[in-house]
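Below is one structure, written out as structure tokens; the observations come after it.
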Amino acid sequence: MAFRRSLSSNYKILPSFFHFHPPQTSFFFCFCFCLHSHSHSSPDHLVNDISRLLSDHRHPHHDLQPSLAPFSAHISTDLVQQVLKRCTHLPFPSHRFFLWAKSIPGFQHTPHTFRILVQILGSSKHFAILWDLLIEMRDSRCCQITSEVFWLIFKAYSQADLPDAAIRSFFRMDQFGIKPTIDDVDKLLYFLCKRKHIKQAQQFFDQAKKIGFLLTAKTYSILISGWGEVGDSDKASELFRAMLEQGCPVDLLAYNNLLQALCNGGRVDEALNIFCDMVSKGVKPDAFTYSIFIRTYCDANDMHSAFRVLDRMSRYDLLPNVFTYNCIIKRLCKNENVEEAYRLLDEMISRGIKPDTWSYNSIQAYHCDHCEVNRALKLLSRMEKDNCPPDRHTYNMVLKLLIRIGRFDRATDVWENMEKKKFYPSVSTFSVMIHGFSKKKGKLEEACKYFEMMIDEGIPPYVTTVESLRNRLVSLGLLDDIEILADKMRQSTSCSIQELANIMVGTRAAHNTLRHYDETDIESD
């Protein structure tokens, strides 16, 4: 199988952002190419071309600035923002691109652009570079550093499971001219609790109280919610009582978080008593209050009680939010009651509530599990008509179904439609195609084409994907084709892909160090 030849007409290559440019391309060629192509380029083309350039220059030793030079005449704040949003998976090149744009005379980054880069560096756990950036922005006074920037840092450290570092960053705010307020305390507590770093959140709460922050009902409520999320309703109740003793006005948020904590802890009867007490004290329940009980009943598969609460909300002209509807829809699908799920979907729209991808994906999962191809494709089309674009979970489920039952033509149609809708497949979507086709008789060449496409776009495959494809080629004695794919991987500008070439040729030394690129279960939920 000659995998080096171009893709057949049945397998379109995605937009120009993904097209591979060899790193050996000379600066003179790039300069001439850019002058020609950008003389009449649209902003979208500029975003694609710069994003592709950043992807091809992701290694620290790549000389990025000369290649970016032809774009300097077209630079704008909107262009920089769009490129950074496209290249969230490229922290090093994004940072270098940001600094390059900053050096262009007359150009100045906006606070929003700065926050995008902070988010990129934080989410990729490049905290040393992030702090260097903050110091440089502070000293050059290029961008104002606000509390919102530190909220992104709190979130990044919490998501990286570094709660102590998140707390330390709070106490560094004054180094950047920001005096922390109770809002900053609340934000840090929220992100710590959201990631269930509840012990560190409690310690910070106690510390904030000692150093003089005036803790509000909202502050208490966040921590009550945190203890509830980890199932410790006793701690949540203890905090609620402490709030009453401190003389904090107990608002609806505090009650809702206590009710949530009690229900999470299985103390539904006690929660109902608190609910009655709340109403007797003149605190009027809102939609979220009722939603707590609906979600609890759905988890217990007590759909009769869930619908009873839903009807009560209607009597009080209260609308459930999307999340609440999604809980009911998901449970109905698990109970094989998909028609009722569709009825609820229609009810949401008729009541002015816009369903999200989870609303549709719960139903889509049912169709895919039951091999209902026509209904799955019809729902995919409905999502587009309802202005709710399918996400990677949607596409992964449908593509898996179509390949599993041998509808390769429809799988190709769906893939090509992704291009038209400007959906850029991630590693999991590529892996669905590669794993699926490699297991089907006579479809190994297609699997390899998608693998080549993935490499050309600079997306590191999972280790299991490399191993699976290699094992299939070995079983058919196609050793030359293994070397062709490995050679393409070695030529990639991505260091991760270069290292994965060792797995493709069967070198096991790098196997353990590369395991973090793996996802043993290709996402399809």
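The values are calculated or read from the model by the stated rules, or taken from the named source; none is laboratory data. These numbers were taken from a predicted model, which means no experiment stands behind them. Note that we place each Cβ from the backbone using ideal geometry, even for glycine, and neighbour counts take in every protein chain shown. Side chains included, ligands, DNA and RNA excluded: accessible areas come from the protein's heavy atoms. Shrake-Rupley method; radii C 1.70, N 1.55, O 1.52, S 1.80 Å.
Checked across the range 147-154, the condition of being of a type in the set (V, I, T), touching a helix residue (DSSP H, G or I) at 6+ places or on another chain (Cβ under 9 Å), free of Cβ contacts under 8 Å to residues at least 40 places away in the same chain and in a helix (DSSP H, G or I) holds for at least one residue. Of the residues in the range 266-274, at least one is small (G, A, S), surrounded by 19 or more Cβ atoms within 10 Å (Cβ to Cβ) and closer than 26 Å to L332 by Cβ. Can S51 be described as among the small types (G, A, S) and at pLDDT 80 or above? Yes: the conditions hold for S51. No other residue among Y450, Y424 is buried (at least 22 other Cβ atoms within 10 Å of the Cβ), within 30 Å of C495 (Cβ to Cβ) and of a type outside the set (G, A, S) apart from Y450.
Look at (1) closer than 28 Å to R267 by Cβ; (2) under 24 Å from the mean Cα position of the chain (by Cα); (3) open to solvent by less than 20 Å² (accessible area, probe 1.4 Å) and you find that F204 fails only one, number (2).
Under the condition of being open to solvent by less than 20 Å² (accessible area, probe 1.4 Å), aliphatic (A, V, I, L, M) and modelled with pLDDT of 90 or more, the residues counted in the range 119-144 number 5.
Answer yes or no as to whether Y366 is among the hydroxyl-bearing types (S, T, Y), touching a residue at least 24 places away in the same chain (Cβ under 8 Å) and either open to solvent by less than 10 Å² (accessible area, probe 1.4 Å) or within 25 Å of D56 (Cβ to Cβ) (or both). No. Looking across the range 177-199, not a single residue is charged (D, E, K, R) and touching a Leu at 6+ places or on another chain (Cβ under 7 Å). Tallying residues that are more than 22 Å from I167 (Cβ to Cβ) and outside any loop (DSSP other than H, G, I, E, B) within the range 201-237 yields 4.
The requirement of being over 30 Å from the mean Cα position of the chain (by Cα) and either without any contact (Cβ under 8 Å) to a residue 12 or more places away in the chain or closer than 18 Å to Y325 by Cα (or both) is satisfied by S280. Is it true that some residue in the range 491-498 is touching a Lys or Arg at 6+ places or on another chain (Cβ under 6 Å) and open to solvent by 60 Å² or more (accessible area, probe 1.4 Å)? Within the range 491-498 (the criterion being touching a Lys or Arg at 6+ places or on another chain (Cβ under 6 Å) and open to solvent by 60 Å² or more (accessible area, probe 1.4 Å)), the answer is yes, since at least one residue qualifies.
Here is a yes/no grid of residues against (1) surrounded by 13 or more Cβ atoms within 10 Å (Cβ to Cβ); (2) among the β-branched types (V, I, T); (3) on the phi > 0 side of the Ramachandran plot:
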position	(1), (2), (3)
V250	yes, yes, no
S280	no, no, no
I294	yes, yes, no
A306	yes, no, no
F323	yes, no, no
Y342	yes, no, no
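If the condition is being under 16 Å from N273 (Cα atoms), touching a helix residue (DSSP H, G or I) at 6+ places or on another chain (Cβ under 8 Å) and not aliphatic (A, V, I, L, M), then the range 235-260 contributes S237, F240, Y255, N256, N257, Q260. When we screen I455, I459 for residues that are touching a helix residue (DSSP H, G or I) at 6+ places or on another chain (Cβ under 9 Å), aliphatic (A, V, I, L, M) and open to solvent by 10 Å² or more (accessible area, probe 1.4 Å), the only hit is I459. In the set (1) open to solvent by 20 Å² or more (accessible area, probe 1.4 Å); (2) at negative phi, D161 fails one condition alone, (2).
Can you find even one residue in the range 412-419 that is surrounded by fewer than 19 Cβ atoms within 10 Å (Cβ to Cβ), part of a loop (DSSP other than H, G, I, E, B) and in contact (Cβ under 8 Å) with a residue 12 or more places away in the chain? No, there is no match, as no residue in the range 412-419 is surrounded by fewer than 19 Cβ atoms within 10 Å (Cβ to Cβ), part of a loop (DSSP other than H, G, I, E, B) and in contact (Cβ under 8 Å) with a residue 12 or more places away in the chain.
Each residue in the range 384-411 was checked for being crowded, with 21+ Cβ neighbours inside 10 Å and either among the basic types (K, R) or assigned to a helix (DSSP H, G or I) (or both), and 10 of them qualify.
Test Y290 against the stated conditions and say whether it is closer than 28 Å to R331 by Cβ, at pLDDT 95 or above, assigned to a helix (DSSP H, G or I) and of a type in the set (F, W, Y). Considered against the rule, which asks whether it is closer than 28 Å to R331 by Cβ, at pLDDT 95 or above, assigned to a helix (DSSP H, G or I) and of a type in the set (F, W, Y), Y290 comes out as yes. Taken over the range 99-130, the residue count meeting the criterion of being under 23 Å from R172 (Cα atoms) and out of contact with any helix residue (DSSP H, G or I) (no Cβ under 9 Å at 6 or more places or on another chain) is 1.
Of all residues in the range 437-447, how many are open to solvent by 20 Å² or more (accessible area, probe 1.4 Å) and touching a helix residue (DSSP H, G or I) at 6+ places or on another chain (Cβ under 6 Å)? Summing the residues that are open to solvent by 20 Å² or more (accessible area, probe 1.4 Å) and touching a helix residue (DSSP H, G or I) at 6+ places or on another chain (Cβ under 6 Å) in the range 437-447 gives 2.
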